[in-house]
There are 2 protein chains.
Amino acid sequence: MTEAKRSEPKRPATGADVARIAGVSQATVSLVVTGKSEGRISDEQRDHVLKVARGLSYQPNASARSLRLGRARTIALIVPNVANPYFSSVLLGAERAARGREHAVMLLDTGSDPDWPGWVGQILATRAVDGCIVYAADPLTPGQVRVLGRHVVLVEANARGAGSVQLDIAGGIRQAMVHLIELGHRRIAHLAADFPQETFQVREATYRASLNAIGIAYRPAYVVKAPFQIEASTAAARQLLVLDQPPTAILCDDDLQAAGVYKAATALGLRIPGDLSVVGFDDIELARMLEPELTTVAIPASDVGARAVEMVLGLIDGRSARSQTIPLELRVRGSSGPPAVYR
Amino acid sequence: MTEAKRSEPKRPATGADVARIAGVSQATVSLVVTGKSEGRISDEQRDHVLKVARGLSYQPNASARSLRLGRARTIALIVPNVANPYFSSVLLGAERAARGREHAVMLLDTGSDPDWPGWVGQILATRAVDGCIVYAADPLTPGQVRVLGRHVVLVEANARGAGSVQLDIAGGIRQAMVHLIELGHRRIAHLAADFPQETFQVREATYRASLNAIGIAYRPAYVVKAPFQIEASTAAARQLLVLDQPPTAILCDDDLQAAGVYKAATALGLRIPGDLSVVGFDDIELARMLEPELTTVAIPASDVGARAVEMVLGLIDGRSARSQTIPLELRVRGSSGPPAVYR
DNA sequence: CTGAAAGCGCTAACAC
DNA sequence: GTGTTAGCGCTTTCAG
């Protein structure tokens, strides 16, 4: 008990504590623990300092360090809804990529609150983050981008004044439509998202363009909207399936909606793909749980997250980011086949 | 252009910049921007400072602030896999609760790496976080808890030396078994998780105890194991369903497994719940997407996250945390009914 | 009512 | 090789 207060787990040890006990200067401690002692500190001295540091279970204070360095090695990820499996995959990919580059991820869920940029900006400004990735379907104004900080990367939404990772939505829809058309479908309906975002407008436009391209007339009754909920999607699908001339295939804006189509079809005694082909969008895990497994346009979610991370990291390091577009890929599974008339 | 360099968006403005331009001291700026100027700074002075601050779009530096305050208003959340919908719900609840208490959430995904405590501890130590929530199925050693920092709350795993939020797993299984037994089932199988964690041992033990309680003999052939994957679960379920005396009901350790049971049943031409009752565990969104909707034991995931947040926040504020147990609730839906023999 | 000054814990020039 | 020192930007007594 002679050596000052022995164990005092109240206050974590500081570099100064280590220095005092090891009988060296604080600078030496810093050099040693950050591994920059090469050729500056003798090996015995270093080992001694290390031992003392471990003894006190010394951990450099993170705030002090990032204050000094001007870097927190943390990036923020802003998503509309983490509980959505698609976004959680993006998150997973982002977190992994960030960790691989020695960065941590701070998560902010906007809950689709339309005026999120304001309060999110507040939170970011009062947190030690070096940059942020924003997953948003709607484009942001330059002002909104600015309040988010100096290093902003947008995903899906396009933006002036920020790097962005875009998805080739039109390409994805086109592949799905070509697939259905090649199978022989001519009565193809679109179970569309009941949201105003640009991405969904693109999907609808591409759906129409694809029909147009092979001379199929667009029928307003073949386009119904539903939010991404199972009940609403089921109801909307039912509406299509009880038409006088029901579609032989339904293209959905989301895999969840496709699940609704399955339910509606089952309720009406229709078999998939025999009586009805279904194509989804996103390729979340659910797609492989449905029976039969869902043909769907896959978005490489975790890859999207990873690329966005690379992009912010680039911005932070002073490289300017060029926007990039990620291709989508149709995954053909059991839910699509030739229409009944061809069998 | 007389007023020094006009716009210089390179370096963010500091409190000193504001002070200089506003012609006041840095202390005044601090008082004003933190809203502590009441009765200390004149109203005109305050408004003036505020105007200048806004003009420079001044934001107090987060690292400096938390260095000074010793608080970062950030907590870490460590989960085995964010992409798992159950964990993402926990995350969602935690993030909301944290934000309501002015805290942000840093996310760390262990990917179920068995030696996560080491590297996670490293990351936490080098980040400005005030505490952490750990979702782990396996109990942690006191040493592992210690490296995670001073304020640790465990979810599901029990631990000495840390607060914890526990789930009443046994109660949940019991409810499910009572439900099936009351419906008249006597041949009840268990599609168990193929993982060694305590929670799964509890489930198996409770399954047996429930059978035992009403004098049903335990049949080894009625217990099969599968990981939480659709193919493996389907195969395992099939194994049960092709027995000479197949079960009339299957209790699953996870909703994903239940989805596998559906697939196996469909493949064998069995109807749910007519020929087979199925009960899941977790109540993720998938439960309501299956046809018929799945009877399952609901874990209030986002509530679990929220409670864990309250608990760490308590620890951080110096209150000692008492561990608590969250009750689970059986949600009866369409996948369970009386066995065929009773119809 | 306002300003001066100390110091949170760390890193990196720069001396010695 | 090792120590001294000067801040990073902020909050908060303490004087005036």
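The values are calculated or read from the model by the stated rules, or taken from the named source; none is laboratory data. Since this is a predicted model, take the numbers as computed values, not measurements. Neighbour counts run over all protein chains shown; Cβ positions are idealised from the backbone, glycine included.
Would it be correct to say that A:Ala53 is at pLDDT below 95 and either in a helix (DSSP H, G or I) or among the β-branched types (Val, Ile, Thr) (or both)? So A:Ala53 fits the description; yes.
Condition check: at pLDDT 90 or above, within 13 Å of DNA strand C (Cβ to nearest atom), within 11 Å of chain B (Cβ to nearest Cβ) and crowded, with 16+ Cβ neighbours inside 10 Å. Does A:Ser89 satisfy that?
Criteria not met by A:Ser89.
Restricting attention to region B:236-267, the residues that are in contact with a Gly (Cβ under 8 Å, 6 or more places away or on another chain) and either without any contact (Cβ under 8 Å) to a residue 24 or more places away in the chain or away from chain A (no Cβ under 14 Å) (or both) total 1. Restricting B:Arg71, B:Arg46 to residues that are part of a helix (DSSP H, G or I) and either assigned by TED's automatic domain parsing to the domain that holds B:Pro117 or within 16 Å of DNA strand C (Cβ to nearest atom) (or both) narrows the list to B:Arg46. Restricting attention to region B:196-240, the residues that are assigned to a helix (DSSP H, G or I), of a type in the set (D, E, K, R) and in contact with a strand residue (DSSP E or B) (Cβ under 6 Å, 6 or more places away or on another chain) add up to 1.
Inspection of region A:13-34 identifies at least one residue that is modelled with pLDDT of 90 or more, in a loop (DSSP other than H, G, I, E, B), within 16 Å of DNA strand C (Cβ to nearest atom) and polar (S, T, N, Q). When region A:51-86 is filtered for residues that are polar (S, T, N, Q) and either under 15 Å from B:Thr126 (Cα atoms) or surrounded by 24 or more Cβ atoms within 10 Å (Cβ to Cβ) (or both), the ones remaining, listed by number, are A:Ser57, A:Gln59, A:Asn61, A:Ser63, A:Ser66, A:Thr74. In a residue-by-residue description of region B:94-110, the property of being part of a loop (DSSP other than H, G, I, E, B) and small (Gly, Ala, Ser) applies to no position.
When the residues of region B:112-135 are filtered to those that are more than 8 Å from every other protein chain (Cβ to nearest Cβ) and assigned to a loop (DSSP other than H, G, I, E, B), the one that is surrounded by the most Cβ atoms within 10 Å (Cβ to Cβ) is B:Asp130. Is it the case, given these coordinates, that A:Val147 is modelled with pLDDT of 95 or more and aliphatic (A, V, I, L, M)? Criteria not met by A:Val147. The residues of region B:136-150 that are among the hydrophobic types (A, V, I, L, M, F, W, C) and within 10 Å of another protein chain (Cβ to nearest Cβ) amount to a single one, B:Val147. Annotation: B:Met106 fulfils all but one of (1) in contact (Cβ under 8 Å) with a residue 12 or more places away in the chain; (2) farther than 30 Å from B:Ala157 by Cβ; the unmet one is (2).
For (1) surrounded by fewer than 23 Cβ atoms within 10 Å (Cβ to Cβ); (2) under 19 Å from the mean Cα position of the chain (by Cα), each residue gets a yes or a no:
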{"position": "A:Asn158", "(1), (2)": "yes, yes"}
{"position": "A:Gly161", "(1), (2)": "yes, no"}
{"position": "A:Gln175", "(1), (2)": "yes, no"}
{"position": "A:Ile216", "(1), (2)": "yes, no"}
{"position": "A:Ala226", "(1), (2)": "no, no"}
